[in-house]
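K.L.:
Just passing along the structure, written as structure tokens.
Please treat every number below as a calculation from the coordinates, not as lab data. Everything numeric in this text was worked out from a predicted model, so none of it was measured. With ideal geometry, Cβ positions are generated from the backbone for all residues, glycine too; neighbour counts draw on all protein chains shown.
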Amino acid sequence: MKNVTVSQSCGKWYISIQTESEVSTPVHPSASMVGLDAGVAKLATLSDGTVFEPVNSFQKNQKKLARLQRQLSRKVKFSNNWQKQKRKIQRLHSCIANIRRDYLHKVTTTVSKNHAMIVIEDLKVSNMSKSAAGTVSLPGRNVRAKSGLNRSILDQGWYEMRRPA
């Protein structure tokens with residue numbers, strides 16, 4: 001055992017144990033190569049034609065989150081009820097993130113088990129999700145549409161899809 005870390009997130013406690021062990025060099029059973037295109041309407045499209053639909057966890061819980069945040073805004077700041085409401089919002093955010101992470105993990109596992117090499121496009125998500133508000137002298141156009149697109153882009157979790165690779 002090398003390291004032990006105890007952490008708390010959204011009212012739940014976690015323990016991480018780090019160990020060291022020797023592992024033989026893995027050999028992939030498949031020799032195929034595939035390209036992966038990330039998108040908003042389709043989470044991922046592979047060059048062999050396989051399509052993975054998005055789970056849109058944030059979009060599905062957006063109304064519930066808005067309702068909880070409205071309720072929070074009506075509470076006295078830092079009161080016990082305000083803190084309870086804040087915890088409800090944190091739990092919902094955590095649930096949304098867990099749904100997204102679980103689905104992306106299943107998608108990446110499926111792709112990596114079936115293909116030896118995966119090529120993913122290098123998307124600049126921060127540039128793609130910039131605001132369309134513009135400046136005072138040059139106001140942006142279609143700001144609400146762009147903000148909805150930004151939400152959809154960030155809901156997909158494209159970086160999480162790249163990370164395990």
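K.L.:
So if I average 1/r over every pair of distinct C-alpha atoms in segment 72-145 and take the inverse, what Kirkwood radius in Å does that give?
P.N.:
17.1
K.L.:
Assign unit charges at the C-beta atoms only (+1 for Lys and Arg, -1 for Asp and Glu), then state the dipole size of the chain relative to its Cα centre in Debye, rounded to the nearest 20.
P.N.:
That gives the chain a dipole magnitude of about 1680 debye.
K.L.:
Given segment 14-112, what count of lysine pairs have C-alpha atoms under 25 Å apart, with each pair 8 or more places apart or on different chains?
P.N.:
Total qualifying Lys-Lys pairs in segment 14-112 comes to 23.
K.L.:
Run the numbers for TYR14 and THR45: contour at 0.36 nm per residue of separation, minus the present Cα-Cα distance, in nm.
P.N.:
In short, 7.7 nm is gained.
K.L.:
Using every pair of alpha-carbon atoms in the chain, split the distances into 5 Å bins beginning at 0 and state the percent of pairs per bin, rounded to integers.
P.N.:
1, 7, 11, 13, 14, 14, 14, 12, 7, 4, 2, 1, 0
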